[in-house]
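For reference, the structure is listed below as structure tokens.
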Amino acid sequence: MKLVAFSAGKPKGNCEIFVKEALMAAEAKGVEVEFIRLPDCDLHNCRSCVQGQCPASKDPTKCPYGKDDAIWLMEKFLDSDGYIVAAPAYSLSPNSLLFAFRDRVFGPKMDVGMVLTGKRPAPEWAKGRFKARPGGLIGVGGAGTEHWTSLNVPNLFTTTFSAQTEIVDTLNVYGVADKFAAAIEDEWLAKAHKLGENVADAMLTGDHRWRGEQEGSCPFCHQNLIQVVPGTTDVICPICGILGTIKIEDGKVAFDWPDDEEHRKDNRLELRGKVTHMLEIVDIVENKYKPNLDLIMEKAKKWHEYTACEQTPPSKMKK
Ligand SMILES: Cc1cc2nc3c(=O)[nH]c(=O)nc-3n(C[C@H](O)[C@H](O)[C@H](O)COP(=O)(O)O)c2cc1C
């Protein structure tokens, strides 16, 4: 059983301290642990090759940036049995390094929905390594108020969808800004320790149910980021995609999350949400894009040929 942890924070910084505390706890439970510092990696942003033609899906070495460390990171993930990721909050959200990691390592090529439901064979490079893994998420913010970190953990969930990483605990640290300051934060360190134990227990037992402290407004991701549809009582969890309704009960806000296909079919924390999404994309490509290809190419010229406003960055100027 191997637990791999990725930190997008500064080398030796606060994310790293909390992640290593979680790893120490997991190691004490008897799992093997690995720690990867994302800022040490050579990692380019995804170039977004034309949709549906990501060359990495068939062969990751065919990615235009295939010579950087993304394939190594992908292999580290595929060879693991558990996952922890941490990122510092930059303007409420994870830093850009975390997003480069997400898009290069996960994304459509790592989408296990069709494979694990038997609708499509696994790509050769995955070599039977597509499986549900338990995981933990750690966000670290420097602001003294939690709302300055509001989009950090929710965005860390976006690294878990395609590969079916099943989050059993999350930690949203705030008020820890300065160099190595995490080292004196005993309460947060205790929570990080518990998160490490929770991920290890889930790995060792195969029981990937939620083990975190926070119940949350959503019964799946256990977060409190709920979208309300104006003029209705309808609500959506923007992380999972499940539908529900909002009400006032004993003077307090409460939610109903019906357990039926209509309300749950988009749940991307489950395999069915990924399959729903994959089928809708196939439908758009087959029934809207392909029949209109000539028209699209013709109409797109209007914007493609409007070039007088385009600016060239210095790095692309001919010397
Ligand atoms: C560009 C930038 C933006 C930041 N924005 C936020 C923010 O919106 N909310 C917050 O709580 N902390 C913010 N911080 C503080 C960091 O999240 C905090 O210092 C964190 O402990 C850094 O983690 P590290 O030591 O692992 O890199 C920001 C820091 C930087 C450099």
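The values are calculated or read from the model by the stated rules, or taken from the named source; none is laboratory data. Just so it is clear, the model here is predicted, and its values are computed rather than measured. All Cβ positions, glycine included, derive from the backbone under ideal geometry; neighbour counts span all protein chains shown.
Scanning the stretch 202-234 for residues that are in a loop (DSSP other than H, G, I, E, B) and aliphatic (A, V, I, L, M), we see that the one that is farthest from Thr165 (Cα to Cα) is Val229.
Among the residues of the stretch 1-19, those identified as away from the ligand (no atom under 11 Å from the Cβ) and surrounded by fewer than 20 Cβ atoms within 10 Å (Cβ to Cβ) are Met1, Lys2. Of the residues making up the stretch 274-305, those that are under 19 Å from Pro108 (Cβ atoms), basic (Lys, Arg) and more than 24 Å from the chain's Cα centre (by Cα) are Lys288, Lys290. Going through (1) away from the ligand (no atom under 16 Å from the Cβ); (2) closer than 30 Å to Ala183 by Cβ; (3) not in a strand (DSSP E or B) one by one, Tyr83 falls short only on (3). If the condition is being in contact (Cβ under 8 Å) with a residue 24 or more places away in the chain, among the small types (Gly, Ala, Ser) and assigned to a loop (DSSP other than H, G, I, E, B), then the stretch 89-135 contributes Gly107, Ala132. The numbered conditions (1) within 23 Å of the chain's Cα centre (by Cα); (2) under 30 Å from Val50 (Cα atoms); (3) surrounded by fewer than 16 Cβ atoms within 10 Å (Cβ to Cβ) are all true for Leu271 except (3). Filter the stretch 164-177 down to residues that are among the β-branched types (Val, Ile, Thr) and under 16 Å from Gly136 (Cβ atoms) and give me whichever is nearest to the ligand (Cβ to nearest atom). Per the stated criteria, the residue is Val173. Would the stretch 58-76 turn up any residue that is in contact with a strand residue (DSSP E or B) (Cβ under 9 Å, 6 or more places away or on another chain), in a helix (DSSP H, G or I), within 16 Å of the ligand (Cβ to nearest atom) and within 20 Å of Arg102 (Cβ to Cβ)? No, every residue in the stretch 58-76 fails to be in contact with a strand residue (DSSP E or B) (Cβ under 9 Å, 6 or more places away or on another chain), in a helix (DSSP H, G or I), within 16 Å of the ligand (Cβ to nearest atom) and within 20 Å of Arg102 (Cβ to Cβ). Within the stretch 245-267, is even one residue in contact with a strand residue (DSSP E or B) (Cβ under 9 Å, 6 or more places away or on another chain) and polar (S, T, N, Q)? The answer is yes, given that some residue of the stretch 245-267 is in contact with a strand residue (DSSP E or B) (Cβ under 9 Å, 6 or more places away or on another chain) and polar (S, T, N, Q). Filtering Phe180, Phe161, Phe157 for residues that are of a type in the set (Phe, Trp, Tyr), within 22 Å of Ser7 (Cβ to Cβ), at pLDDT 95 or above and within 16 Å of the ligand (Cβ to nearest atom) leaves a single hit, Phe180.
Against the conditions (1) within 16 Å of the ligand (Cβ to nearest atom); (2) in contact with a strand residue (DSSP E or B) (Cβ under 8 Å, 6 or more places away or on another chain); (3) free of Cβ contacts under 8 Å to residues at least 40 places away in the same chain, Asp40 satisfies every one except (2).
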